[in-house]
Amino acid sequence: MKETINQLHKYIEKSHRITVITGAGISTSAGIPDFRGPGGLYSRKDINTDKIFDINYFRTNPDYFYSVMTDFFEICINSVPTTAHKFIYQLEKNGKLELLITQNIDGLHEKAGNRKIVRAHGSLDTMICTRCKDLSPADGYFPLNSIPHCRKCSGVLKPDVVFFGENVKGMDEAVAAVSKSDLLLAIGTSFSVFPVASLPMYKKSGCIFVIINKGKTGYDSRINLKIEDDIDGVCGALLE
């Protein structure tokens with residue numbers, strides 16, 4: 001592990017434009033379950049996962065979404081950034097971060113201090129009205145005791161996260177960042193969800209590509225370095 005971390009440290013020192021892509025694996029140590037991991041939302045037989053994030057189903061049955069997801073919201077609201085989140089913020093603080101692209105909706109990158117960020121799947125920090133499209137901070141509606149409604153038009157609110165049937169956010173910005181980066185660093189993602197999974201295809205020739213993730217990814221044969229150790233342990237060593 002020490003040799004691989006030293007190699008990554010050298011890559012970081014030489015780089016000036018680092019784009020980071022993160023997935024659920026960076027937040028599990030904060031107590032936030034990976035939807036697709038063991039025991040996650042998609043493995044539960046008591047939940048119809050085809051309906052939870054289906055935008056058309058939500059429009060007619062928002063109560064189902066909130067009955068399933070309220071506990072997850074509470075976990076995210078009460079969670080704090082991990083060592084890995086703090087490491088990525090340090091990259092931005094040091095002026096090395098081109099862009100952070102996250103698939104996570106938990107808001108922990110923002111809590112850690114990151115501002116150069118694309119939230120590809122949206123964020124729980126904001127609510128959007130399904131009728132008038134007004135945006136409002138989510139903290140004014142939690143804890144949830146009933147389906148939240150817009151204070152302007154009384155329309156049903158949904159978290160401003162991407163449902164199936166909706167477009168992901170910030171892909172043009174994400175592609176532009178990847179295409180001009182000299183280091184692409186993926187943390188806690190297996191690259192199984194598109195279109196974010198396609199982003200490494202836009203990196204330029206000569207861009208270093210590193211993955212920190214336990215388990216296989218679709219890019220393992222096309223990277224410069226793969227680290228499968230504990231994410232917080234690796235990032236903690238880099239911070240030191």
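Within region 145-174, the residues that satisfy the criterion of being out of contact with any strand residue (DSSP E or B) (no Cβ under 7 Å at 6 or more places or on another chain) and part of a helix (DSSP H, G or I) are MET171, ASP172. Just one of the numbered conditions (1) surrounded by 17 or more Cβ atoms within 10 Å (Cβ to Cβ); (2) out of contact with any Asp or Glu (no Cβ under 8 Å at 6 or more places or on another chain) is not true of LYS45: (1).
Residues in region 177-196 that are of a type in the set (A, V, I, L, M, F, W, C) and farther than 14 Å from THR19 by Cα were compared, and the one that is surrounded by the most Cβ atoms within 10 Å (Cβ to Cβ) is PHE191. Here is a list: LEU199, LEU225. Which entry is closer than 27 Å to CYS76 by Cβ and surrounded by 14 or more Cβ atoms within 10 Å (Cβ to Cβ)? None of the others qualify; the one that does is LEU199. Annotation for region 9-24: at least one member residue is touching a strand residue (DSSP E or B) at 6+ places or on another chain (Cβ under 8 Å), assigned to a helix (DSSP H, G or I) and surrounded by 15 or more Cβ atoms within 10 Å (Cβ to Cβ). Does PRO33 meet the test of being modelled with pLDDT of 95 or more and open to solvent by 10 Å² or more (accessible area, probe 1.4 Å)? Taking the combined requirement at face value, the residue does not satisfy it. With respect to the conditions (1) in contact (Cβ under 8 Å) with a residue 60 or more places away in the chain; (2) out of contact with any helix residue (DSSP H, G or I) (no Cβ under 7 Å at 6 or more places or on another chain); (3) loosely packed, with under 15 Cβ neighbours inside 10 Å, PHE164 lacks only one, and its number is (2). I'd like to check something: does region 40-55 contain any residue that is assigned to a helix (DSSP H, G or I), within 23 Å of LEU144 (Cα to Cα) and basic (Lys, Arg)? Within region 40-55, one or more residues are assigned to a helix (DSSP H, G or I), within 23 Å of LEU144 (Cα to Cα) and basic (Lys, Arg). With respect to ILE147, is the statement that it is in contact (Cβ under 8 Å) with a residue 60 or more places away in the chain, β-branched (Val, Ile, Thr) and open to solvent by less than 10 Å² (accessible area, probe 1.4 Å) true? When the stated conditions are applied, ILE147 does not pass them.
Between PHE73, PHE65, the distinction of being in contact with a Lys or Arg (Cβ under 8 Å, 6 or more places away or on another chain), modelled with pLDDT under 95 and among the hydrophobic types (A, V, I, L, M, F, W, C) belongs to PHE65 only.
The values are calculated or read from the model by the stated rules, or taken from the named source; none is laboratory data. Predicted model, so just to flag it, every value in this text is computed and none were measured. Here the Cβ is made from the backbone with ideal geometry for all residues, glycine too, and neighbour counts use every protein chain on show. For the accessible areas, the whole protein counts, side chains as well, though only heavy atoms, and no ligand, DNA or RNA atoms are used. Shrake-Rupley method; radii C 1.70, N 1.55, O 1.52, S 1.80 Å.
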